[in-house]
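Here the structure comes first, spelled out in structure tokens, and everything after it is commentary.
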Amino acid sequence: AQSVAQPEDQVNVAEGNPLTVKCTYSVSGNPYLFWYVQYPNRGLQFLLKYITGDNLVKGSYGFEAEFNKSQTSFHLKKPSALVSDSALYFCAVRDGSSNTGKLIFGQGTTLQVKP
Amino acid sequence: GAGVSQSPSNKVTEKGKDVELRCDPISGHTALYWYRQSLGQGLEFLIYFQGNSAPDKSGLPSDRFSAERTGGSVSTLTIQRTQQEDSAVYLCASSRSFTYEQYFGPGTRLTVT
């Protein structure tokens, strides 16, 4: 069965510092991995994805994520955090070997960036 | 371009009533998904449509829930005999096909009193 774990309910960083939001996954086939961000009272916005190729993927708003197959991880990173990055972040996985598009989401991590 | 739209944005209904939630996907997207977001359960997959293929209904929590997609575009999620535990935000998403990233609508907040 597919699953996603985001071990931290909340991450606090100071503006200008690097940030990392952790995600590990379990899937039987090839993983398709995604990060989404949700601002208050808004829908989910797509940030970036890993399907195949380079393990380091770059996405919107200066975010990037590194796929690590041996550790089954897909951590979200940004070199310099902004106060406006404060939001709820979701990691999601799809089994690339299946013919269904359904995503399995982690529980979400609240990112708080303080000035 | 236009994103995924959902209506209504908010719905308050009495326990036992039926409700219909609507989703308009991005034009040209062949795949459409419904998810539910609630405090206790996080984001749960409900149902997925891809073109003319049979939908993946594996996430529907009970037979009170059903969905259809007419003409390969607009979708309606129907909840019959609503219960308080159905209160949640219902999110619709669409994608170019099931291998691509999904784009989400703003959601419908359903409150069952």
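The values are calculated or read from the model by the stated rules, or taken from the named source; none is laboratory data. No experiment lies behind these values; they were computed from the predicted model shown. Every residue, glycine among them, receives a Cβ derived from its backbone with ideal geometry; neighbour counts consider all protein chains shown. Heads up: the accessible areas ignore ligands, DNA and RNA and are worked out on the full protein's heavy atoms, side chains in. Shrake-Rupley method; radii C 1.70, N 1.55, O 1.52, S 1.80 Å.
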Q) aspartates and glutamates within cross-link reach of B:Lys15: Cα-Cα under 16 Å, excluding same-chain residues under 8 positions apart? A) B:Glu85, B:Asp86
(Q) Relative contact order for segment B:66-113: what percent, with Cα pairs under 8 Å and sequence separation of 6 or more? (A) 34 percent
Q: Could you work out the mean count of beta carbons from other protein chains within 10 Å of each residue's beta carbon in A:44-54?
A: 3
Q: Quick one: net charge around B:Gly51, please, counting Lys, Arg +1 and Asp, Glu -1 for every other residue with C-beta under 12 Å from its C-beta.
A: +2
Q. One-quarter of the Cα convex hull surface for chain A, in nm²?
A. 6.9 nm²
(Q) Give me the net charge for the shell around B:Ser75: Cβ to Cβ below 10 angstrom, other residues only, Lys and Arg +1, Asp and Glu -1. (A) 0
Q. Size of the protein assembly as shown along its principal axes in angstrom, Cα-based, largest extent first?
A. 50, 38, 35
Q. So what's the gap between the Cα centers of segment B:30-57 and segment B:60-113, to the nearest angstrom?
A. 7 Å
Q | 14 Å Cα-Cα reach of A:Lys58 towards aspartates and glutamates, excluding residues that sit fewer than 8 places from it in its own chain | A | A:Glu66
**Q.** Loop-located trypsin sites (Lys or Arg not before Pro) in segment A:12-114, at most 13 other Cβ atoms within 10 Å (DSSP)
**A.** A:Arg42, A:Lys69
Q.
Using 21 Å as the Cα-Cα cut-off, could you pick out the over-long pairs in A:Lys102/B:Lys17; A:Lys22/B:Lys57; A:Lys102/B:Lys57; B:Lys11/B:Lys57; A:Lys22/A:Lys78?
A. A:Lys102/B:Lys17; A:Lys22/B:Lys57; B:Lys11/B:Lys57
Q: Along each of the three principal axes of the Cα atoms of chain B, give the extent in whole Å, ordering the values from largest to smallest.
A: 37, 28, 26
**Q.** Exposure of B:Glu44 as accessible area (Å², to 10), given a probe of 1.4 Å and all protein chains
**A.** 50 Å²
Q) For segment B:71-113, what Kirkwood radius comes out of the mean inverse Cα-Cα distance, in Å? A) 12.3 Å
Q: Could you rank B:Lys11, B:Lys17, A:Lys78 by how accessible they are, 1.4 Å probe, largest area first?
A: B:Lys17, B:Lys11, A:Lys78
Q: Give me the net charge of A:Ala14's neighbourhood, meaning all other residues with Cβ under 15 Å from the Cβ of A:Ala14; Lys, Arg count +1, Asp, Glu -1.
A: 0
(Q) So, taking all protein chains as they sit and a 1.4 Å probe, how much accessible area belongs to A:Ser26, in Å² rounded to tens? (A) 50 Å²
Q. In the full protein assembly as shown, how much of B:Ser58 is accessible to a 1.4 Å probe, in Å² to the nearest 10?
A. 80 Å²
Q | Mean Cα-pair separation over length for segment B:5-108, i.e. relative contact order, pairs under 8 Å, 6 or more apart, % | A | 37 percent
